[in-house]
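Let me begin by presenting the structure, written as structure tokens, before commenting on it.
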Amino acid sequence: MHEEKIKRLASMKKSAESGGGTERTEAQHSKGKLTARERIALLLDEGTFVELDKYVTHRSDDPTLPKFYGDGAVTGFGTIAGRQVFVFSYDFTVLGGSLGEMTGKKISKAMDHAMKVGCPIIGIVDSGGARIQEGVSSLDGYGDIFFHNAMASGVIPQITASIGPCAGGAVYSPAMTDFVIMVENIGQMFVTGPEVVKEVLSQEVSFEELGGARAHATKSGVAHFIAKNEYECFDKIKKLVSFLPQNNTEEPAIVETNDDPNRIDADIINKLPENPYQQYDMKDIIKSVVDNGDFFEIHELFAENILVGFARMGGRTVGIIANQPQYLAGALDINSSNKAARFIRFCDAFNISIVTLVDTPGYLPGTDQEHNGIIRNGSKLLFAYCEATVPKITCIIGKAYGGAYIAMGSKNLRADINYAWPSAEIAVLGPEAAITIIHRRELKNAPNAIETKKKLAKEYRDKFANPYIAAEKGIIDVVIDPMETRPMIIQALNALANKKEPRPWKKHGNINL
Amino acid sequence: MEFKVDDLAEMLEGEVLRTTDNNSVLVKIGGKQHTLRLLKTGTSEFEFMLDNTFHFAKILQSSSAEVKLMIDGQPMTLKKHSKLTEVLEKASVLVGKGGGDRNLTSQIPGRVVNIVAKAGAEVKKGDVIVVLESMKMQVAVKAHKDGNLKEIKVKQGASVARNDVVAIIE
Amino acid sequence: MSKKITSILIANRGEIALRIIRACKEMGIKSIAIYSDEDVRAIHVKRADEAYHVGPAAPAQSYLIMAKIVEIAKAAGADAIHPGYGFLSENESFPEMCEKNGMIFIGPTAKAMEVTGDKMKCKAVMKKAKVQTVPGSDGIIEDVEKAANVAHEAGYPVLLKSAFGGGGRGIRLAGDEKQLRQEFEMASAESRAAFGKAALFVEKYLQRIRHIEFQLIRDSHGNGRHLFERECSIQRRHQKLIEMSPSPVVDQRTRERIGEIAVRAATAVDYLNAGTAEFLRDPEGNFYFIEINSRLQVEHPVTELVTGLDLVKLQIAVAQGEEIPFKQEDLKMNGCAIECRINAEDPFYEFAPSTGIVPNCNIPYGPGIRVDTYLYPGCNVSGYYDSLTAKLLAWGRDFNEARIRMRNALDEFTIEGINTTIPLYKTIMDEPNFIKGELSTDYLDRFKIFDKMNGDAKGEAKERAYAAVAAALLQSEFVKKAGAVQSAAAKSTWKLRG
């Protein structure tokens, strides 16, 4: 009976779902990029996507600006592995994915919904930027999105996938989200593009070099992950989401991992070289200790001297932080302090326990570090550890000297359980440096300086470079047999599961940004 | 959803129509309807009757692009969304040299017994970079493209797993 | 010397260790196993009466250290050591060391091993015993005239082989005298450049050959028997893949004739215990002796199935000084047996080695099926040792019954977690030339078996496509439901917190 009306709905739907039209869709495909709806289909569970605001159009009366249903973004909700999420995906086929007043409203609305429901929000960015024709209304749209990002921060997980351009002020939204994943050769972010750079600074640089995935993953740290292609991008997002809770009132789900929590690894001690100056890969130790060797690394290519990422231990999601002796001998510096501090704060906001593995000789010296503010940035790491009230478990594997020892989840930063391997060396300074100070006179008068230095260093090492002095003072709770690292950490996690730790009331602290 | 089986040319359309009773599902595969009766489910293992034949499956790996599984004891890879894959494959063609795979990965697990090439050298596709030993066999890992051997990521004696990155060639 | 053995240390691992342990249990002999770090959970360790740690994973630091093994044997109170195959089984120092330490070595004497291990020495001994070997030079040839003479006598085409350096290198083909002279010059120059002198052998180049070997057993009383032949022509890079008995081209008369030659060969080297005389057979039906393998071989079950004998128990009996309890004429060939070596290699990917944990496996059984393996659900297939994971054998009253039983068993045999050569054998069992018995050492290339295998795989994939799609659909439904259940449970906290 109402056939006409049903027919009209069907044709409207078809029209809306064609985005900017077949020609523009083909253009998108020919660049090797998927459309907004295709991407959402890959991200969400089959058949679970409900699109909202499909027929929204812009309200501008600029005659040169055609109207398209959806106004350049596809928003709505669905599930990922059965868990509720909200998504928004810029539609590059509609006016270059530019953000106008209504586009902004759609996206803010999706973020509002996610906040009401308490579930993650995922944004797929592929946009030419602000819609010039809509003037201030566009900037208004961005401003509103930024506010929502800030409000949602620490309440629901926010993830951004950069699968296309994102320029100018628009980049600040992804920057405020918790995780950014960029697709190589397709995702690009920069505040000022190459043309302007050329004009103003006469510097020639390509889009990819300036703000491509690799640049942001290795140099700026803006990107937490790179994906080789769009499939990998969505797989990574799905995997990331599986580690997280829906919102800040929940804990991540405990998953059946079929890896015996009591599994001991007799071989683990062999991963640590006898010679404390020899490099090794901390990831080998992490993989041995976590469930099924599955370490989901974050910021893999940035500040490689520290490792951060998610894993499960006994089925519980944990945030792992560990020095990486393979790079800069595992020393701390500006970038690694920033990387780890932000990760700790994310884990703390979302009830994820923190496990820290320590092997660091100290902070990286030099004018580069000092003048760029290692003091300011290094303090962020200390602050973050102190602030966090989730269960914190630290295990000192090798060296832990001076301020870096303190910074890496030490007892006084209120880590709950502090373990140490028998190979742990906890000291104010490393042996070589220490003896030049303590035995300065003796060394000056020594007939054979090199031999004496060696002897004194060994004495120092034998006396101080062991965990027992700290253990005598209760700063290390247990010196453990390395092969038991995994069961010991899991037992601690289980014991601390219901941890509650009060903090003095404040609007928020003043972490040295 | 469209599925493409291993190297077979045809695509199969598959979708779930509805659940008929407690353990049966009506599905449409390749244009025809079939009854799927669930006998046993686990997180990644299923025993079921498709029409009147018994099958058992174990899902080994599932990603956006493909599903690797063992069906009745035989390994099989199903590629999903094949139409989209065509589009994406164009992207890697467009990228061409330089972008895409700088990573030279190992096809087999093994131990590094010989590092043949030197980092920094210019290499041609097919040049031997490292030699791995596994099960008393020596297998050479060869350069997958021409370029500059930027870095060799493995050390002598190291253990390498399948698909591990062995070197970077740019 | 006659001594009753009460306990045996098995200086090996994997399926052969388990095989020997079984024989020990049947004879009431205590079985002592050794294991490396890698084999801590291996099946032979579980089944042996006692097991001792011998070293780290690498064979050179564990299974190959004679002194350590003998030490363990003494400490464990073993009176004999069985070397299995591979590892130390053909190292003449091992039986020597065993003897010095008062252990019985279950195998040949050091002296016999020494002769059989040296191809040229062995050839000389065979010549004396009038056993036909591959025509060619008796020793190194340094002079082109001599080479030409030998080549002429043997008959062209011939192979020029370098005395040093192996693995297929330094082998040149000469189709006639002119080519021989050319190749000889070049080969000599190469040899001189690399090793300081020109040292070459000349050997007749046999084509379209079949590899046929005879199982031997000889006791300390001089009794030698042959236990019929095995045809092992289907090989890849000189590694046997399929063995069978009887050979399609060996009739009863030939069996008796060559069997007798094999026994003569064993006598000529004063062989003791079990061994195998290997022959090459050319298309004209001529048999040429190649060598004696002085150990129990991988494919020994093939012979066990067609003779009804237990070769390992026989080995132990001989080692105890007993006489072989049967006469040659008592033995009869019964039915047909085929063995497929299930290796952990990917036949679709140039036989790339495949290692790792096997989460689950289904080992076939039924009439006429025998499987010798170390696999069990959850076991580890290690990259430190060779790729043989299982020997699948099928016996039938005739070749066809054996072949079909093998085909069905291959279908039932599923191994998760690693790639295996099972698909290759499935193709071969149904391949017309195999069925006709048209075998030779170049069988795989000759009949383009790999192409056929790839085609068969496509066919199987097609059959299973629908079921696979159904499974994939089930999985995505399952994932959705599982997550939804989790979400429902957690809903309360968000709502409660204002």
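Read-outs: derived from the displayed coordinates by stated rules, not from any lab. If you're wondering where the values come from, they're calculated on a predicted model, not measured in any experiment. Here the Cβ is made from the backbone with ideal geometry for all residues, glycine too, and neighbour counts use every protein chain on show.
Taking other C-beta atoms within 10 angstrom as a stand-in for reagent exposure, B:T53, B:T35 fall in the order B:T53, B:T35, fewest first. Computed from the C-beta positions of B:D101 and A:L443, the FRET efficiency with R₀ = 41 Å rounds to 0.15. Based on alpha-carbon atoms, the Kirkwood radius and the radius of gyration of the protein assembly as shown give Rg/Rh equal to 1.02. Computed from the C-beta positions of C:E463 and B:K136 and an R0 of 41 Å, the FRET efficiency is 0.70 to the nearest 0.05. Applying both filters, DSSP loop and at most 14 other Cβ atoms within 10 Å, to the trypsin sites (Lys or Arg not before Pro) of region A:456-511 gives A:K473, A:K499, A:K500, A:K506, A:K507. Electrostatic tally near A:I107: other residues with Cβ closer than 11 Å to its Cβ, Lys and Arg +1, Asp and Glu -1, net -1.
Between region A:105-123 and region C:270-312, the alpha-carbon centres lie 76 Å apart. Coupling constants for region A:338-352 follow from the phi torsions by the Karplus curve (6.51 cos²θ - 1.76 cosθ + 1.60, θ = phi - 60°), and in residue order they are 4, 4, 5, 4, 4, 5, 4, 5, 5, 4, 5, 5, 10, 6, 10 Hz; glycine and proline get x.
For region B:24-33, backbone phi angles converted through the Karplus equation (6.51, -1.76, 1.60; θ = phi - 60°) give residue-by-residue couplings of 10, 10, 9, 10, 10, 10, x, x, 10, 8 Hz, Gly and Pro being listed as x.
3J(HN,Hα) along region A:162-168: 9, 10, x, x, 7, 10, x Hz, from the Karplus curve 6.51 cos²θ - 1.76 cosθ + 1.60 with θ = phi - 60°, whole Hz, x for Gly and Pro. Counting only other chain Cβ atoms within 10 Å of each residue's Cβ, the peptide A:428-438 averages 0. Counted residue by residue at 0.36 nm each, then reduced by the alpha carbon distance between them, the extension gain from C:K119 to C:I140 reaches 6.4 nm.
Relative contact order, whole percent, for chain A stands at 9, derived from Cα pairs under 8 Å and 6 or more residues apart.
The trypsin sites (Lys or Arg not before Pro) of region C:329-393 meeting both criteria, a DSSP state outside H, G, I, E and B (loop) and at most 15 other C-beta atoms within 10 angstrom of the site's C-beta, are C:K332. Could you work out how far the C-alpha centroid of region C:184-219 sits from that of region C:358-429, in angstrom? Rounded to whole Å, the Cα centres lie 35 Å apart.
In a fully extended conformation the segment linking A:D281 and A:E209 would gain 23.0 nm over its present Cα-Cα distance, using 0.36 nm per residue.
Counting only other chain Cβ atoms within 10 Å of each residue's Cβ, the peptide B:59-69 averages 5.
Model label points for C:I357 and C:D442, set 7 angstrom from Cα along the Cα-to-Cβ axis, are 4.6 nm apart.
Approximating the spin labels as points 7 Å out from Cα along Cα→Cβ, the C:Q328-to-A:N494 distance works out to 7.0 nm.
May I ask you to derive the relative contact order of region A:1-101, considering only C-alpha pairs under 8 Å and at least 6 residues apart, and to give it as an integer percent? It rounds to 29 percent for region A:1-101.
Students often get this wrong, so check it: of A:K399/B:K150; C:K68/C:K123; B:K58/B:K83, which have C-alpha atoms separated by over 29 Å? The answer is A:K399/B:K150; C:K68/C:K123. Of all lysines in the structure, those lying under 23 Å Cα to Cα from C:K448, and not within fewer than 8 positions of it along the same chain, are C:K240, C:K426, C:K436, C:K458, C:K462.
Of the residues C:K128, B:K145, the one with the fewest other Cβ atoms within 10 Å heads the list, and the complete ranking is C:K128, B:K145. Spatially, region A:33-90 and region A:197-221 are offset by 30 Å when compared through their Cα centroids. Dividing the mean sequence gap of close Cα pairs (under 8 Å, 6+ apart) by how many residues chain B holds gives a relative contact order of 15 percent. By the count of other C-beta atoms within 10 Å, a proxy for reagent exposure, B:E47, C:E291, C:E231, C:E329 are ordered fewest to most as C:E329, B:E47, C:E291, C:E231.
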